Amino acid sequence: MNTFGIGGASAENELKALKPLETNIKPIQKEEYKQRIHKVCELMKANNVKALYVNAGTNLLYFTGTHWHASERLVGAIILPNEEVHYIVPNFEIGTIQDFLEIEGTIHGWEEHESPYALFFEVLKNNNITQGEVQLDESAPFSIINGLNKEVHSFSIEIATPIISECRMVKSKAEIAIIQHVMNMTMVVQKATARILRVGISTKEVENFIHEAHKKMGAPAGSYFCIVLFGVDSSFPHGVKSPKNLALNEIVLVDTGCQLYDYISDITRTYIFGEANELQRKIWNIEKETQLAAFNASILNNECSTIDDASRVVLEAHNLGPDYKLPGLPHRTGHGIGLEIHEYPYIIRGNKTKLAVGMTFSNEPMICVPNEFGIRLEDHIYMTTEGAKWFTEIAHSIENPFNI
C-alpha cells in the first residue's frame, strides 16, 4: 500500500506505547466561576432581567462549577443581578450537593411532596422580586416551564439563550488551554488508530481500541464519543445500524473525542486503506479545499454564516450541491465546542453572530457521495486577536493524513 502510517501495527503494541502528554493545565478555578457570574449579571442588568435560572447540567456547571446531572427532580440555581446565587435542591440531596458547590450561595430545599416551582417564586419574593422578566436556560425541560406557569405569578418567563450564549461562546485562556490539550490527546489516538487497521477489522474493535487509547492518554472515562465507518457506510455522516468490516481500498472515517476537566475534543480523519481511486482522491482533495476556504472566511467580525457560505461556494464550483443536495454537504459547516460537543456558535447559513476573540468551533464541511463514500475532515478553530488559529494540524493527503 502506498499509504503512510496506516496499518501494520497491533492494537496491543500501540496501547502499550501510549502515555499521557506532559501538561501543566488545571481545571477551571473558583475565581473564573466568579468572573462568569459577574459577566452574566452585567448582561442581566443591561437587559432588565430580574432573575436567571440555570438547570442542572452544563449551564449550572458553567456558572457555578456544580457537577449535577438533570433528572425529574428540579435541581438548579437562580442567579440574581446582584450576583447572589440561590440553589434549589431536594432536601435529601442538600448534604451531597454541598460537596459539589464551587460558588457559595443560599441553598433552598424542598421535600418530595412539595412544589419546587412554588419555592422558586418564594425565593424571588423573599428577595423583593415580584414582577418583570425571568429567564430560564434552554436546557430546562418543558416540565419546569409548565410547573412554573401553573403557579400564580406576575412574571414574564423567557429563554435565556442570548445572555447565556454570549457568555459561553467566548472562551477564556484557561478554557482554550484545556481544549487544546484534549485535542492533542485525541490527535495522538487518531494516529495510533490508523496504524492498527487491517483487512477484516470490525468497527467495534476499532472503537474499543480508541476508548482504551483515550484512557491511556489521560481521559479517565475514555472516549466521549466514537464513530468509525468503512467504505459506503462513510457516506452516512453519523453512521449506520450495522457497520461493515474493513476491506482493501476502502475509505476509513474516524470521528472521536474525549473529555478532561469537563471540556471536549472532537476530530475527524478520513483516508484510504489501500489504493485510492480517482473519485476518492478527487473528493478528498475538494474536501480539503473546502475546509481551507471555511478557515479563510473565519475572520474577526465576520458573521458565522459567511463560513458556511464560503464552503458552499467551493462545492458548487466543483458541481457539488447546491445547498444540501447530494453529492455535496448535507449539513452545517460546523459547531461550537466547549463543555458540550455541540454548542454555540453554530456555523450555519443565516447565523448573524459575529466572530469574536475566544470563540471555538469546528470546521467540517463533509462531502457525501451516495452509494460510494463520505469524506469528513474535522478540525477546530479558535479565534485570537490575530485571527483564526487551528487547534490541530490539518490532514495532509488521502494516503498520508498525518503528514508522516
- Ranking ASN149, ASN127, TYR53 by how far each Cα lies towards the positive end of the charge dipole of the chain (+1 on Lys and Arg Cβ, -1 on Asp and Glu Cβ), the top one is TYR53
- Item | Normalised alpha carbon radius of gyration of the stretch 233-343 [divisor 2.2 N^0.38 Å] | 1.19
- Message: As an exercise, identify the trypsin sites (Lys or Arg not before Pro) in the stretch 138-203 lying in DSSP coil whose Cβ has no more than 13 other Cβ atoms within 10 Å.
- Response: LYS150
- Query: Given the stretch 341-404, what whole percent of its Cα pairs are spread farther than 13 Å?
  - Reply: 71
- Task: Mind putting a number on the dipole of the stretch 196-340 about its Cα centre? Charges go on the C-beta only, +1 for Lys and Arg and -1 for Asp and Glu, and I need it in Debye to the nearest 20.
- Result: 400
- Query: Using unit Cβ charges (K, R positive; D, E negative) and no other charged atoms, how large, in debye to the nearest 20, is the dipole of the stretch 90-184 about its Cα centre?
  - Reply: 360
- What shape does the stretch 75-136 have by the C-alpha gyration tensor, where a ≥ b ≥ c are the square roots of the eigenvalues, rounded means a/c under 1.5, and otherwise prolate means a/b greater than b/c and oblate the rest? oblate
- Item | Share of carbon and sulfur in the accessible heavy-atom surface of the chain [1.4 Å probe, %] | 51
- Which of rounded, prolate, oblate describes the stretch 273-314, given a ≥ b ≥ c as roots of the alpha-carbon gyration tensor eigenvalues and a/c under 1.5 marking rounded, otherwise prolate only if a/b is larger than b/c? prolate
- Just one of (i) 43, 24, 19; (ii) 39, 23, 20; (iii) 28, 27, 21 is semi-axes √(5λ) of the Cα gyration tensor in Å calculated from these coordinates, so which is it? (i)
- Message: On C-alpha positions alone, give me the angle between the axis of helix 173-195 and the longest principal axis of the chain, in degrees, nearest 10.
- Response: 30
- Task: Rounding to the nearest 20 debye, state how big the charge dipole of the chain is about its Cα centre with +1 on each Lys and Arg Cβ and -1 on each Asp and Glu Cβ.
- Result: 740
- Item | 0 to 90° range, to nearest 10: angle between helix 304-317 axis and the chain longest Cα axis | 20
- Query: GLU289 versus ASP323, label points 7 Å from Cα toward the beta carbon: distance in nm?
  - Reply: 2.4
- Task: May I ask which residue of ALA77, GLY350, GLN98 lies farthest towards the positive end of the charge dipole of the chain, with charges of +1 (Lys, Arg) and -1 (Asp, Glu) on Cβ and the Cα centre as origin?
- Result: GLY350
- In degrees, nearest 10, the alpha-carbon axis of helix 30-46 is tilted away from the dominant principal axis of the alpha carbons of the chain by 70
- Of HIS113, HIS318, THR268, which is farthest along the charge dipole of the chain in the positive direction, counting Lys and Arg as +1 and Asp and Glu as -1 at C-beta? HIS318
- Task: Check each of the GluC sites (Glu not before Pro) in the stretch 111-175 and keep only those in coil by DSSP with at most 13 other C-beta atoms within 10 angstrom; list them in order.
- Result: GLU111, GLU112, GLU114, GLU138
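The values are calculated or read from the model by the stated rules, or taken from the named source; none is laboratory data. In this text, all values refer to a predicted model and were calculated from it rather than measured experimentally. With ideal geometry, Cβ positions are generated from the backbone for all residues, glycine too; neighbour counts draw on all protein chains shown. The area values use the complete protein model at the heavy-atom level, side chains included, leaving out ligands, DNA and RNA. Shrake-Rupley method; radii C 1.70, N 1.55, O 1.52, S 1.80 Å.
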